[in-house]
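The next block holds one structure in the form of structure tokens; read it before the comments.
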Amino acid sequence: QVQPVESGGGLVQPGGSLRLSCAASGTIFSIYAMGWYRQAPGKQRELVAAITSGGSTTYTDSVKGRFTIYRDNAKNTVYLQMDSLKPEDTAVYYCNAERVRTKVLDLRVRDYWGQGTQVTVSS
């Protein structure tokens with residue numbers, strides 16, 4: 001069983017910074033992409049940022065220039081550096097591991113989600 005585990009959430013003042021980490025544990029052969037999603041109260045879950053194993057990144061418009069996603073493929077770990085945080089960034093942030101293969105001879109893929117970590121931006 002593959003399990004992404006997030007850490008690094010918390011309470012921060014507007015304009016502050018936080019770094020989220022997500023390490024995927026278990027039997028893993030490869031992970032196509034790892035990403036961060038967030039869900040605020042009363043809203044749908046949305047993609048924040050994602051990065052492929054090759055290093056290609058994508059960001060939602062509202063975080064471009066403020067958030068940076070990067071990845072350590074050897075450790076199956078993804079990070080989200082969040083700077084210039086705004087109150088509207090407040091949400092539960094979820095880590096996603098996309099198209100995970102667990103065995104070299106098994107071509108089946110599956111996505112896995114972490115349990116989420118709360119980020120609150122407030123003065």
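Loop-located GluC sites (Glu not before Pro) in the stretch 14-112 (DSSP state other than H, G, I, E, B) with a sparse environment of at most 15 neighbouring Cβ atoms within 10 Å are absent. Counting charges near Leu80 (Lys, Arg +1; Asp, Glu -1) among other residues having Cβ under 12 Å from its Cβ returns a value of +1. Database remark: amide H of Val48 closer than 5 angstrom to the amide H of Trp36, Tyr37, Arg38 (H placed geometrically; neighbours at sequence offset of 5 or more, or on other chains; Pro and chain starts carry no H). Atom-type composition of the exposed protein surface of the chain places 48 percent of the accessible area on carbon and sulfur (1.4 angstrom probe). Across the stretch 14-25, rounded Karplus estimates of 3J(HN,Hα) from the backbone phi angles (6.51 cos²θ - 1.76 cosθ + 1.60, θ = phi - 60°) give x, x, x, 10, 9, 10, 9, 10, 9, 10, 8, 10 Hz, Gly and Pro being marked x.
Taking amide H as placed 1.01 Å from N in the peptide plane, the amide H of Gly116 sits under 5 Å from that of Glu6, Cys95, each at least 5 places away or on another chain.
Over the chain, Cα pairs under 8 Å with separation of 6+ residues give a relative contact order of 36 percent.
For the stretch 53-68, 3J(HN,Hα) computed residue by residue from phi via the Karplus equation (6.51, -1.76, 1.60; θ = phi - 60°) reads 5, x, x, 6, 10, 9, 9, 6, 4, 5, 10, 4, x, 10, 10, 9 Hz, glycine and proline entered as x.
Evaluating 6.51 cos²θ - 1.76 cosθ + 1.60 at θ = phi - 60° for every residue in the stretch 35-45, the Karplus couplings come out as x, 10, 10, 9, 9, 8, x, x, 10, 7, 5 Hz, glycine and proline recorded as x.
Name the shape class, rounded, prolate or oblate, that the alpha-carbon gyration tensor gives for the stretch 1-117, where a ≥ b ≥ c are the square roots of its eigenvalues, rounded holds for a/c under 1.5, and otherwise prolate holds if a/b is larger than b/c and oblate otherwise. Since a/c reaches 1.5 and a/b is larger than b/c, the shape of the stretch 1-117 is classed as prolate. Between Thr90 and Val121, the built amide H atoms are under 5 Å apart, and every one of these is 5 or more places off in sequence or on another chain.
Along the chain, the longest continuous region that contains none of the trypsin sites (Lys or Arg not before Pro) in a DSSP loop with at most 14 other C-beta atoms within 10 Å is 1-42.
The residues of the chain expose on average 54 square angstrom of accessible surface per residue, using a 1.4 Å probe on protein heavy atoms. Modelled spin labels at Glu46 and Ser122, positioned 7 Å past Cα toward Cβ, are 2.0 nm from each other.
Note on the chain: lysine pairs with Cα distance below 23 Å, sequence gap of 8 or more or different chains, count 4.
Summing Cβ point charges (Lys, Arg +1; Asp, Glu -1) relative to the Cα centre of the chain gives a dipole of roughly 240 debye.
The values are calculated or read from the model by the stated rules, or taken from the named source; none is laboratory data. Computed from a predicted structure; not experimentally measured. Here Cβ is always computed from backbone atoms with ideal geometry, including for glycine, and neighbour counts include all displayed protein chains. Just so you know, the surface numbers come from the protein's heavy atoms only, side chains and all, with ligands and any DNA or RNA stripped out. Shrake-Rupley method; radii C 1.70, N 1.55, O 1.52, S 1.80 Å.
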